[in-house]
Every structure is written in structure tokens, then in C-alpha cells.
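Presented below is the structure to which this report refers.
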């Protein structure tokens, strides 16, 4: 059994809303091709893998992936005004739930929520969970604003109360001007944005308030696990650096769930050591990366049979509440 916890698609409602925009993020056409433009220097061709469920399922079959947890691709609904964002999010989540209902043994889904309005985001999360979605994917900033502002704590409290997954995914990064050359935005900028967003949430006391929150930080935990020693040293040496934490930051960080999307078998092995194999799950980042890269990376990681089973499906089944059939 192989589950992919990191697979994206573009709902029709979000595509239509992005096509109506005149400033990034938007969808633009060049001849007979369409592109999602996230912001200056960043975008991607809009291929069938974003929108055609038959293509997604066909690629899953080719990669021998049994089930995918679909999430709404960036930019989500964060860049719309609050009222429009709530309407688009509702339509996206209804579409995701319908897709899951048509393919109940192949697909699960995560919601998108309008975090620019925490009250609306909480209401939409409750609705989405009520129609069968497994939580929500949020983005590393909210149209340029930080996640750890106090009013957004209500959303994380709702997710903790519902006992559902919150997946943190990069979006157009706050550091974009510094990485707008070559492929640096995709290589480093997106992950730096996730790194700072996740750490700000940790130091804001996310796990102090919700010690059992199912918080998924993809791309092998972004940059965070590789410099956690430095995080602890600085937090211990600089007065006030630990914020509200009652334990070293690393004790909170080790509660993250992470995926294998990295291109590096060494990173996968390190995450199994650092977080524990119980906190690592297979992912592909489709359609941005080819699906077969995910399973191929597991072949290269040299995990024990028990750990590989955890990474392939057991952890995802437990975290997302997926019933696994032989």
C-alpha cells in the first residue's frame, strides 16, 4: 500500500477566480497555453495534471500509488477579498469532496480556507470536515501577512479541536526580491518561507496551546531539522528568544509530521532519525514533480521493512484517518 500525502490539483472554482484577476496571482494565456503566475519571477505552466482527475489517476497507476491526499494548489484563496475568498473556498472544497466521493478508494482531500478572515476560515474548516475532508492546507504567508498574528490562533484551535491535519505549504515567498534569479526561488525561497512561517508558529506557542496538533511541514520539514541545534543554542543564549516556550524549541519541532519530498534519500533517512519514522510520510508534490520520483526515493533510502511500511502508508492512514484495505 502506497499513499501520497502531497499531491495538488486546481479546482475549477479557483481557476475561474484566478482568470478574472488582473494582477498576480492570476492565470494568463499565451496562444493556446495557460500559465499560473504567482508573482514576479514565479509561475508554472497549467498542465492537465493540475485539472484532469483522469490524468492524475493514470499517473498514480503508473507510479503504483494506491491513494493520494489531494490539496488545493497555490495560491489558494488568500489573495482575494475576504467575502470572495470564502465563496471560492466553499466551491473548491465542495468540488474536492465530490471528487473524493467519486473515487473513495483512491483519493482523500484537504480543504482550502480563507485565512485573511479567521472567522470565515474556522467556519469553512468545520464545513469541509463535515463533508469528509481530512483537514486543510494553508500557505506560508497570507498574501504577504504572517500566520502567527493572534487573530489566526482561532483557526489552529479549531483544527486541534476537530483533530484534523493542518498542512503548511510554501507560497509566493516574502523573500522573493532576494531570490529572483535563476531557480533560486524554487530551490530556496519557497522553503525559506515555510521555515520562517513554521518557526514563528512554534515560538508563538502553537504546541504550548495544542500539544497534539497534527501539523504537517512538507519537503522533509523544510530547512528546519538541519539547524535545530543552532535554534536551541540561540534560544537558550538570547533573553526572550524562546518566546512563550516552556521547553527547548527542538522538543516542539520534533512534533512536526513531514513528508519525503526532497530529491534526497539522505534527507529522508535523516528525518526518520530526527523526527522518528512514525512522523515521516511518502509524498510526490505532483504535478510540480513527476510522481515516480516519490516511490523511487523510497527505494534509495535504505529503510528497514518496518520503517518503510510506516512511511509508505501506516503513518498517513493514522494521521488522516484513512481506512487501509489489503
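Rule-based calculations on the coordinates, nothing more; no lab input. From a predicted model like this one, the values you see are computed outputs, not experimental measurements. Cβ atoms come from the backbone with ideal geometry, glycine included; neighbour counts cover every protein chain shown.
R0 = 22 Å: FRET efficiency of residue 226 with residue 82, Cβ-based, nearest 0.05? Walk me through the numbers before you get to the answer.
Working: r = 37 Å, r/R0 = 1.68.
With a Förster radius of 22 Å, E is 0.05.
Using Cβ contacts closer than 10 Å as the measure, can you line up 187, 180 from fewest to most? Write down the numbers at each step before the final one.
Working: 187 11, 180 14.
By the 10 Å Cβ count, ascending, the order reads 187, 180.
Once the Cβ-Cβ distance between residue 325 and residue 209 is put in as r, and R0 is 41 Å, what FRET efficiency do you end up with, to the nearest 0.05? It would help to have the intermediate numbers written out before the result.
Numbers: r = 36 Å, r/R0 = 0.88.
About 0.70, to the nearest 0.05.
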> Nearest 0.05, what FRET efficiency do residue 163 and residue 32 give at R0 = 35 Å with Cβ-Cβ as r?
Replying inline: 0.15
> Using 7 Å Cα-to-Cβ label points, what is the residue 266/residue 187 separation (nm, one decimal)?
Replying inline: 1.6
> What residue among 77, 244, 165 has the largest mean-square fluctuation in a Gaussian network model of the chain, using Cα springs under 10 Å?
Replying inline: 244
> So what's the gap between the Cα centers of the range 1-43 and the range 74-94, to the nearest angstrom?
Replying inline: 13
>> Of the candidates 71, 267, 140, which one comes out as most mobile in a Gaussian network treatment of the chain with C-alpha springs shorter than 10 Å?
In response: 267
>> If I model a spin label as a point 7 Å beyond the Cα along the Cα-Cβ vector, how far apart are those points for residue 254 and residue 178 in nm?
In response: 2.9
